[in-house]
Amino acid sequence: MLDQNLLRDLAGHDASLCLSLYLEVAAGGGEHDHVRIALKKAKSEAAAKLGAASSDDAAFASVRDRLDALDYEDLVGGHDRRVAIFIAPGMTEVVDARFDELGVHLGTRFRLSPLLGDLERIPDHAVLVASQEEAHLYTASAGTFARQKVEDMPASLSEISRFTDQQEKGNIHGREDSGLPGTYRGAQATSGGASGPEGVPHHSMGGHDWREDKEEDLRQYANLLVNAVGHHLSGTNLPLVIVADERLNGMIRENCEYPFLAPEGVLVHPRELEEDGIRERAARCLRGDIDAARAEAWDKVAMSLGRDDHEASTDPSDVATAAAAGRVAHLFVRAGASVPGRIDETTFAAEQDESGPEDLVDRAISDTMRNGGAVFSLGDYGGEDIVTAAAYRYPA
């Protein structure tokens, strides 16, 4: 699954040959002929580009071997119907993502701009909705919210609890289980009998407090939930959002070893929300940080452009030059944009040129991320004529 860390790794990859394939496949794991056809077509186009490229024999052989090794099994099973494949000497990366273009690209950098729009969308995710009364796992994908059948996941606390209503009532009256009929295994203990009270009087010293058992049962319940959910989601990389009251939420997080647990959860009892409310609140947990960082970064670009203080620009050549020099702090790119050109590797001066060997947009993305800058999709920011916009660390 695409994330900023993977994008940064791709942006930072140096090689004489970088092959980028964007193709449509079928979601799921069935036998889909059009997956094989799409892969065959992409591999044929890539082989033609490799044949026309000038590169050292070792790099060519490595990329060609990795291209030949791609098969049907590498592409099926994704959450979306499009897959990006990045191949370089010693590297093959298959990325399950959304993008608007298809095609094959070969150069000294990977083509990354089509992926940027996916980073702004709410990713597919899972939602664990839990209370003492019930527990369910949902998956959210492309507007759908589907309940999952999870093996070995308890449906409620009562499935594993040693408590009953009669037991709690017995505790209120100062009784605890003695293992005798008429205690928690039978009816409520009576106050007297032939040989005295049935049940053991509860004393503050040495007596048993049922509240401790209930707390332990709740922790066991939380542990069983996260273990079952973690096993069910294993291999998916789906972010997991927890919807539970504060107490149970904390216990679930304390026991959770699932590596993609969302840092924020929905701290309410599930009965306070309808299903649509659960879906919206869970998605908001994943969206907040993305939207806030993007808005803050755009404010810096917009304010600088308004002041005309040369600490921001929307000119693709200026932006590419600044990125190559390590001056770009925040870069905005229209997803899928391409501006051919060339860059002087000594002076970092960039110019647009229809026959140029570089894509100034992808070069700006790579250089910005290599130098610790942040990259965002333009989305609704800026006018339609803006392809790139950047805030600089210092004026030109």
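The values are calculated or read from the model by the stated rules, or taken from the named source; none is laboratory data. Note that the structure is predicted; figures quoted are calculated from it, not measured. A quick note on method: Cβ atoms are made from the backbone with ideal geometry, for glycine too, and the neighbour counts reach across all protein chains shown. Note: areas computed on protein heavy atoms with side chains; ligands, DNA, RNA excluded. Shrake-Rupley method; radii C 1.70, N 1.55, O 1.52, S 1.80 Å.
Some notes on this structure:
- Annotation: of all residues in the range 136-155 being in contact (Cβ under 8 Å) with a residue 24 or more places away in the chain and among the hydroxyl-bearing types (Ser, Thr, Tyr), the one that is farthest from residue 224 (Cα to Cα) is 141.
- For first residues located in the range 234-251 and at positive phi, partners that are open to solvent by less than 50 Å² (accessible area, probe 1.4 Å) and in a strand (DSSP E or B) and lie 6+ apart or on another chain with Cβ distances below 9 Å form the pairs 237/96.
- Residue satisfying all of: in the range 266-285; touching a strand residue (DSSP E or B) at 6+ places or on another chain (Cβ under 6 Å) and not small (Gly, Ala, Ser); farthest from residue 375 (Cα to Cα) among these: 270
- Matching residues, the range 320-378, being basic (Lys, Arg) and either out of contact with any strand residue (DSSP E or B) (no Cβ under 7 Å at 6 or more places or on another chain) or not in a loop (DSSP other than H, G, I, E, B) (or both): 334, 342, 363, 370
- Residue list for the range 295-313, filter: touching a helix residue (DSSP H, G or I) at 6+ places or on another chain (Cβ under 7 Å) and either assigned to a loop (DSSP other than H, G, I, E, B) or not small (Gly, Ala, Ser) (or both): 311
- Pick from the range 327-349, criterion open to solvent by 20 Å² or more (accessible area, probe 1.4 Å) and of a type in the set (Gly, Ala, Ser), ranking: farthest from residue 381 (Cα to Cα): 349
- Restricting the range 119-143 to residues that are more than 13 Å from the chain's Cα centre (by Cα) and closer than 30 Å to residue 332 by Cβ, the residue that is most open to solvent (accessible area, probe 1.4 Å): 142
- Screening residue 233 on (1) open to solvent by 40 Å² or more (accessible area, probe 1.4 Å); (2) over 21 Å from residue 133 (Cβ atoms); (3) modelled with pLDDT of 90 or more shows it passes everything except condition (1).
- Single match in 65, 56 (criterion: at pLDDT below 85 and open to solvent by 30 Å² or more (accessible area, probe 1.4 Å)): 56
- Top-ranked residue of the range 239-262 - restricted to ones that are open to solvent by less than 10 Å² (accessible area, probe 1.4 Å) and under 24 Å from residue 2 (Cα atoms), ranked as farthest from the chain's Cα centre (by Cα): 242
- Residue count for the range 263-301 satisfying the condition of being in contact (Cβ under 8 Å) with a residue 40 or more places away in the chain, of a type in the set (Gly, Ala, Ser) and surrounded by fewer than 17 Cβ atoms within 10 Å (Cβ to Cβ): 1.
- Yes/no for residue 323 being open to solvent by less than 20 Å² (accessible area, probe 1.4 Å) and touching a Cys at 6+ places or on another chain (Cβ under 7 Å): no
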